């Protein structure tokens, strides 16, 4: 039997199906999780982020960590490299709800929904003549992975022009044109709406800085569902105040939870959601299916899906 340690209980039937594959399953809540001798034979760890309190160094038989997240910035990378532990993630597992969220926020920004909802709350009847159409706008995605593709697929029906940037400018389905990372400024200068979907790595900390903001189209809209640390938040606030960015929809922030004294709260042209874009009623089913498929592949000695290059971060 292969020892598998889960930090989340997916339910009796689902966990039973894992055991039938040939695993001895142990479930421990990852909150404040610490190493015990019972974990010494663990070969597979299925988790999100127990690493704030869990030291995996004594788990000498650990060969593979299956993450329920897309990002890997929570991993103890030094120990992972040292022990040559294979990492897989949940790439694609949240792409549909996040893709829908991007469409929703693009429409809310152009339709000035926040202001209209505030008028409703104040029982104020006043027409807003500043409303824009999504039709014929240019949307630029920083990143063309599964989330961006799901959003682009849905946005196509609105009659928009969809641009994307990736490492080498390779063509991607649903995108009218893709630019290399070196030519990203050209894409930004053409984009009415900029959407950030690139994964966070140490190399792109504050990648969206003053230089990048300066390259954006005057009065563009900005959406971030990636990671807060990709954006220099102070520069974002400066550009929102100056009107270079007309409005923004933000689901991720440099520090989460967002502190009450953060200036973003006070800006009328910002929509804030609490890292909520990935939530849907189907998230656990998709997440478990990814885990099950990989664990089936593992016992059958087949290639795992969503293997992460920890040096690249994806």
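Remarks
- Within the option set 21, 62, 54, being within 25 Å of the chain's Cα centre (by Cα) and either touching a residue at least 24 places away in the same chain (Cβ under 8 Å) or crowded, with 20+ Cβ neighbours inside 10 Å (or both) holds for one residue only, 54.
- Residue check for residue 90: in contact with a helix residue (DSSP H, G or I) (Cβ under 6 Å, 6 or more places away or on another chain) and closer than 30 Å to residue 161 by Cα: yes
- Selection within segment 173-226 - outside any strand (DSSP E or B), buried (at least 22 other Cβ atoms within 10 Å of the Cβ) and under 16 Å from the mean Cα position of the chain (by Cα): 197, 198, 225, 226
- The one condition in (1) surrounded by fewer than 21 Cβ atoms within 10 Å (Cβ to Cβ); (2) farther than 19 Å from residue 147 by Cα; (3) in contact (Cβ under 8 Å) with a residue 60 or more places away in the chain that residue 272 fails to fulfil: (3)
- For segment 91-159, the helices (runs of 4 or more DSSP H) that sit wholly inside it and include 1 or more residues that are within 17 Å of the chain's Cα centre (by Cα), on the phi < 0 side of the Ramachandran plot and in the same structural domain as residue 199 (by TED's automatic domain parsing) are 95-110, 146-155.
- Residue match in segment 300-313 (condition: on the phi > 0 side of the Ramachandran plot, at pLDDT below 95 and surrounded by 17 or more Cβ atoms within 10 Å (Cβ to Cβ)): yes
The values are calculated or read from the model by the stated rules, or taken from the named source; none is laboratory data. Since this is a predicted model, take the numbers as computed values, not measurements. Don't worry about glycine lacking a Cβ; one is built from the backbone with ideal geometry, like all the others, and counts go over all protein chains shown.
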